[in-house]
Structure formats: structure tokens, C-alpha cells
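Okay, so here's the structure we're looking at.
Every read-out reported here was derived from the displayed coordinates using simple, explicitly stated rules and does not represent laboratory data. Treat the numbers as computed from the prediction; the structure is a model and nothing was measured. We place every Cβ from the backbone using ideal geometry, glycine too, and count neighbours over all the protein chains shown.
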């Protein structure tokens, strides 16, 4: 069965410093992986997706993630944090592609704080 | 482009009262539709999904129900709310083929008092 583990429930960085949000997945096939961001009392916004093309995926707002099959990881990074990046981030894996409903499996989320 | 709407944005209801939350999608046809609940400290829980009109699958048994009367309309209902129904309700849509990324609405904050 597919699963996702976000290794940190809370990450705190200073503005202008790099961001690293860690995610490990478990899947018996080649998965589709996503990162979503949620600001307080807002819906989830898709940051980026991996779909077995390039292993380094660039997303919106300067974020990127690298798919490493050998490490079963899909960590999210950004070179320089902005105050507006403070939010909760979810790592997500999709159900097997043979299914028609396309259910997603969500990690428990990592709350990112950015200090001035 | 596609957009997804949810209403109301916030709702305060007494225990035992009925509930109706509405979600509509514009700019796409025959989407998969989803209802999620996000309760404090409990992550995202899939409640229902639908692959077509009148086709509803329930992921969690509870006092909630869902209906899809039109292709791009998804409704979440309850006949009698419980305190435990409080939370942030999110509707999402996806296309019917991979990689299945979902696009979320702005959410409804429900407080049951």
C-alpha cells in the first residue's frame, strides 16, 4: 500500500535562508508525487508534481523537489525563504494509476514558520 | 480556465441541525469530485468522492452524505449535526486520468455548537 511520511511536523527558518521540507514515500510502483501548500483558513494549492519525467521538478514560488527512487524521498526545497512562505505543506502520493477515482494519500503536513 | 467555488465560507450551526454545503466547478467537464474534512490536528480526511453524476463513494461511515445532482455540482449534507462534525471542509476536483492531481476550493469552516 502507498504511504507518505513527512519527517518534520514543524520547521522554522529565518527569512532569506534555505528551506528543506522532508518527505519519504512508500509505493510498490512508480508513483505520482505532489506537494501542496495551505495558508491558514485557505484551500490547498498545488506547488508541484512529479510524474516520472524529470526527477528535479520546479514548482511555483521558487520551490522545487527532487525525486530520489533509491532513497524513496521527495524533499521540497527553496533557496531563500520569504515571510509569505509561512504555511502548512503537504506531501502527497496518488493511488495506483489503474484506478479511475484518482485518490490521493496525504502526509500529515509540515508547518513552516519564517522568522524575520 | 477552471475554477472551483464553495459556499458558504463559514457556518455556525447548533447540534442536531441540518447541513448543506455546496461545491461547483467551472471550466471542465466530467471531473472527479471529492469532499475532505480537516479537523484540528487530524490532517486531511477523504469523506466522499464521485466519478460521475449520481455516483458517490463513501470513505468513512458517519452521519454525512453526499450527492452529485449535476456534472459539476457536489453537495455535502447532514440531517443532524454532531459536535464532532466541526472542521474545515474542502471540495476538490481532478480529471479522470492520471496523474490525478487535485485542485481544491477555498473551503468552508463549520463550527457546531
Using only Cα atoms, figure out Rg for chain A and give it as a multiple of 2.2 N^0.38 Å. 1.03
So for the range B:52-113, averaging the separation of alpha carbon pairs under 8 Å that are six or more residues apart and normalising by length, what relative contact order in percent results? 25
Where both residues lie in chain A, what percent of DSSP beta bridges are antiparallel, nearest 5? 85
For the range B:35-89, what does the equivalent ellipsoid look like in terms of its semi-axes, each the square root of 5 times an eigenvalue of the Cα gyration tensor, given largest first in whole Å? 21, 12, 9
Chain B - percent relative contact order, Cα under 8 Å, separation 6 or more: 36
In Å and on Cα atoms, what radius of gyration and Dmax does the range B:61-113 show? 13.3, 41
Once you average over the residues of A:31-42, how many Cβ atoms of partner chains fall within 10 Å of each Cβ? 3
How far apart, in nanometres, would the label points at residue A:28 and residue A:56 be if each is projected 7 angstrom from Cα along the Cα-to-Cβ direction? 3.4
Over the range A:10-58, what is the relative contact order in percent, taking alpha-carbon pairs closer than 8 angstrom and at least six residues apart? 26
Over the protein assembly as shown, what per residue volume does the convex hull of the Cα atoms give, in whole Å³? 124
Could I get the Rg over Rh figure for chain B? Both from C-alpha atoms, Rh via Kirkwood, rounded to two places. 0.95
